[in-house]
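No lab work stands behind these numbers, since they all come straight from the coordinates. In this text the structure is predicted, and so the values were computed from the model without any measurement. We place every Cβ from the backbone using ideal geometry, glycine too, and count neighbours over all the protein chains shown.
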Amino acid sequence: MTPAGEELRARLREILGAEGVLTTAADCAPYLTDHRQLYHGAALAVARPRTVAQVSQVLACCNAARVGVVPHGGNTGYCGGATPDESGRQLVLSLQRLNRIRSLDAANYSLVADAGCILGQLQQAAEDAERYLPLTLGSQGSCQIGGNLSTNAGGTSVLRYGMARDLVLGLEVVLPDGRVLDALSALRKDNTGYDIKSLFLGAEGTLGVITAATLKLFPKVRDVATAFAAVADVPAALALLARLREASSDRVSSFELIPRIAVELTTRHIAHVTDPLDRAHDWYVLCEVASSHAADVMEELLGNALGAALADGLVLDAAVARNERERAALWRLRESIPEAQRKDGASLKHDIAVPVAALPDFLVRASSWVSANALQGRLVAYGHLGDGNLHFNLNAAPGADARRFLADAPRVGRAIHDLVREFGGSFSAEHGIGRLKVEELERYADAVELDLMRAVKSAFDPHGIMNPGKVLRA
Ligand code: 2HG
Ligand code: ZN
């Protein structure tokens, strides 16, 4: 460690106490590798503040010393956004000890939570107050709300409730120079100039550190029905979505596309996952309709809509969950697809979005490119059909050389993302940019937009200490 590094560590211990600063290799290790194990960084220390005042002091001190700061939440991101670089000169700032729910106002349908609160903990608090926090992610047992907001996370209820950004009423953010932006308002309407707080949503910690948020709540869900339906093809799935939206007064909360291979991978690799239907089909949807009215009509409504779709040939077979256990089993199948992919071996991931109606055409074009040009891979394309967002992923085909398959990532990614652009889509629908997609952003973003992003970055963070090299090149 350089003398300057030692000096900074000593200053951090003054601010945070000795137990608030991790420096040994074993203590730091969990903070240095991303969830997908794409990056293995190093850090001069891991700072674990307990208060906003401490975050402010830490940032002011790093700003003065020109030390890069990497905010770190639940480490569930897909693009390496929370992992420091390999230099060993950056500081990891863990938000995990800022983990209090500051208040919950049921009458205002809002809650205020520290950044380090686990998403599942917030969902539970809302439920206990007869309210509903809709953000729903496979990682909700370990991801933190600060990270969810910094990456503008999506998940399986975007169709009805929007992305993380849409659930935010207010934010508290510590700026690189240590100033605290107090924008924790719980107002639904506030047209007073630029919406500064929105810039931190999706900024992945490159502009400041989100320390708390005021989130919107909704009426508690009291009547829910979930089904797993085999569909004739992807256009049939979209037609079914339109029917369900109409039949349910637009109360479809999830509509997930699942290919046959995902059923095979999850039933093979994940304990207690079974195929919900008797026969194999090419495509399925997991759909859910939900209401806050405890009238117990959703199951009948869903059953009727699926029955009509079956008669019309859109749906080939379906299983409607009869109780919470069956519902959980269907969701387990869907939510364990990423884990099953991981267990199956090497994979390439493309988190793409196109306009919903264009998705079938995109899928035909992109799949035929894969079968003709990515011979080492097999397609595992699934995801949030209702949002036009597919995880257009590839796993190494059985017998393929994993190293060669992975080395092909840039060529495959380029072809898929170029096609996405042709369809007016996004190369990163819900997983953000992090370190992984900086080059893609440079290639695909509008030039004017990129200029403005760089201008915002230098206005907020003139010394470039906030999460250097993430989103924008350092
Ligand atoms: C999901 O929808 C997540 O399950 C992860 O966004 C997707 O692993 C993936 O590509
Ligand atoms: Zn997803």
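Ordering PHE362, LEU306, LEU379 by the projection of their Cα atoms onto the charge dipole of the stretch 292-426, which places +1 on the Cβ of Lys and Arg and -1 on the Cβ of Asp and Glu, puts LEU379 at the extreme positive end. Over the chain, DSSP H runs of length four or greater, each weighted -39,500 (n - 2.57), average out per residue to a 222 nm ellipticity of -10500 deg cm²/dmol.
Annotation: extensible slack from ALA53 through ARG414 equals 125.5 nm (criterion: 0.36 nm per residue apart, minus Cα-Cα distance).
Taking label positions 7 Å along the Cα-Cβ direction at both PHE218 and ALA311, the computed distance is 3.0 nm, reported to one decimal. The amide H of THR136, built 1.01 Å from its N in the peptide plane, has THR156, SER157 as neighbours under 5 Å, considering only residues 5 or more places off or on other chains. Across the stretch 300-312, rounded Karplus estimates of 3J(HN,Hα) from the backbone phi angles (6.51 cos²θ - 1.76 cosθ + 1.60, θ = phi - 60°) give 5, 4, 5, x, 5, 5, 5, x, 5, 5, 5, 4, 8 Hz, Gly and Pro being marked x. Note on ALA280 and ARG365: the model spin-label points, each 7 Å out from Cα along the C-beta direction, lie 3.0 nm apart. Take the Cα of LEU375, step 7 Å toward its Cβ, do the same at ARG66, and the gap between the two points is 5.2 nm.
For GLY434, the residues whose amide H sits under 5 Å from its own are VAL471, ignoring neighbours fewer than 5 places away on the same chain, with H placed 1.01 Å from N. Partners of LYS349 within straight-line reach, counting lysines whose Cα lies under 25 Å from its Cα and excluding those fewer than 8 residues away in the same chain: LYS437, LYS470. Once the Cα-Cα distance is subtracted from the 0.36 nm per residue extended length, the ALA402 to ARG268 segment shows a gain of 46.3 nm. Sorting SER371, SER139, SER292 by the number of Cβ atoms found within 10 Å of their own Cβ, with the fewest placed first, yields SER371, SER292, SER139. For LYS189, a cut-off of 16 angstrom between C-alpha atoms picks up these lysines, skipping any fewer than 8 places away in its own chain: LYS197, LYS216.
By the count of other C-beta atoms within 10 Å, a proxy for reagent exposure, ASP195, ASP461 are ordered fewest to most as ASP195, ASP461.
Assign one of three labels to the stretch 428-474, namely rounded, prolate or oblate, based on the Cα gyration tensor with a ≥ b ≥ c the square roots of its eigenvalues; rounded applies when a/c is under 1.5, prolate when it is not and a/b is larger than b/c, and oblate otherwise. Oblate. Counting neighbouring Cβ atoms within 10 Å and putting the fewest first, the residues HIS269, HIS72, HIS417 line up as HIS269, HIS417, HIS72. In plain terms, the chain is cut at each of the trypsin sites (Lys or Arg not before Pro) found in a DSSP loop with at most 12 other Cβ atoms within 10 Å, and the longest leftover piece is 323-472. Computed from the Cβ-Cβ distance with R0 of 22 Å, the FRET efficiency linking SER103 to ASP128 stands at 0.95.
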